[in-house]
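Notes to accompany the following structure.
The values are calculated or read from the model by the stated rules, or taken from the named source; none is laboratory data. Predicted model, so just to flag it, every value in this text is computed and none were measured. Here Cβ is always computed from backbone atoms with ideal geometry, including for glycine, and neighbour counts include all displayed protein chains.
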Amino acid sequence: SKRVAVLTSGGDAPGMNACIRAIVIACKKRNYDLIGYLHGYNGLIKQESISLSLDSTHNLIQQGGTVLHSARCKAFTEEAGLKQAAANLSEAGVDALLVIGGDGSFRGATHLADHYLGQIIGIPGTIDNDIAGTDATIGYYTAIDTAMNSIDKVRDTADAFERIFLVEVMGRHAGFLALNAALSSAADYVILPEFFESPESEIKKILTQIHAQRRVRGSVSFIVVVAENVWPQGLQALTKALNDSGITDVRPVTLGHVQRGGTPVSNDRLLATSLGEYAVSLVGTDTSNVMVGEVNREPTTVPLTTTSDSKPLNSAQVALMKSIMNERYG
Ligand code: ATP
């Protein structure tokens, strides 16, 4: 029999619980022991864990957040912390460690492999979808829905007052969430890290679009989706720049952490369930230091070290959004 451990690390994402549930069931099926480390890598260093039995899976699939809690952990980035974590894993008799998290968590896991001889398997969990080796990450689909629904609401008030709204969505340094939120909410413009040129050229294009729309349709609302961390000096600076350029009534909205919460949508539950089962199916094989993912709906593994590689946006979606942003309105 095997002893498996799981933890959730880095930014939490809807569907992490669904994945924990899948792991509990997959371990039970194989008669593996399962423990859950608390608070990301902190629990590993402090030997803080709980046992996870079938009882703990009741009503878990639909819960946002993570019952294991997540955290950043500075100590884990230092040699002493990594050694302590490895010693604790050996002491607890853990044969395989499953890490649900983002690329930072996988970088940490790679370093742990220098000290820990057991198996390490990563499972992509982040709303940002910025992990290479999988088409989607657990939490991404729910975050798109949350952003889309929020933008729908912003549009109602924008329409009523014929205002211009700038809506900032999360994504770290990737535009997946912003692009998909923009397309699914029929936003008029999107600012993404992947094709950001300069503040001047973006402002020029936004003004051109606003003026073109107003010529044709009269005074109308205009929604700009802005990916976080793109605009130099942030959303307020963009708001000011637009207000200064003669467009009045520009309002900024930062969606913020609402995007990390909520009950996971079906696609995130399905992905979490498949990846949890697949990860446990690899326990006991000689596959290690990999991340499990799904490409074209098929389970795959890639080395943890390649998960930080750059991952392109969907080119058809990019072309479509660009054509929307260049529409000439007659
Ligand atoms: P998200 O992108 O969704 O926030 P993430 O997993 O990328 O998730 P990070 O904060 O980057 O989140 O990383 C989580 C944790 O992983 C860090 O707090 C740290 O403990 C560990 N970690 C990250 N980078 C390293 C590294 N180079 N060496 C050791 N540990 C690391």
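Structural remarks
- Within the stretch 75-88, residues that are within 12 Å of the ligand (Cβ to nearest atom) reach partners that are in a helix (DSSP H, G or I) and of a type in the set (S, T, Y) with beta carbons closer than 7 Å, at six or more positions or on different chains, in the pairs F76/Y41; A85/Y41.
- Of residues in the stretch 89-105 being assigned to a helix (DSSP H, G or I) and near the ligand (Cβ under 7 Å from one of its atoms), the one farthest from S310 (Cα to Cα): S105
- If you go through the stretch 10-50 and keep only what is assigned to a strand (DSSP E or B) and either touching a His at 6+ places or on another chain (Cβ under 8 Å) or among the β-branched types (V, I, T) (or both), you end up with I35, I50.
- Restricting attention to the stretch 57-74, the residues that are without any contact (Cβ under 8 Å) to a residue 12 or more places away in the chain and more than 19 Å from G102 (Cα to Cα) total 2.
- One residue alone among D95, D159, D114, D145 is of a type in the set (D, E, K, R) and within 21 Å of the chain's Cα centre (by Cα), and that residue is D145.
- Residue pairs whose Cβ atoms lie under 6 Å apart, separated by 6 or more positions or on different chains, with the first residue in the stretch 280-296 and over 19 Å from D33 (Cα atoms) and the second modelled with pLDDT of 95 or more and among the charged types (D, E, K, R), are E294/D135; V295/D135.
- Remark: pairs (first residue in the stretch 123-149, within 11 Å of the ligand (Cβ to nearest atom); second residue assigned to a helix (DSSP H, G or I) and among the hydroxyl-bearing types (S, T, Y); Cβ separation under 7 Å; 6+ apart in sequence or on different chains) = I127/Y140; N129/Y140.
- Here the condition is being buried (at least 19 other Cβ atoms within 10 Å of the Cβ) and under 13 Å from the mean Cα position of the chain (by Cα); of I131, I164, it holds for I131 alone.
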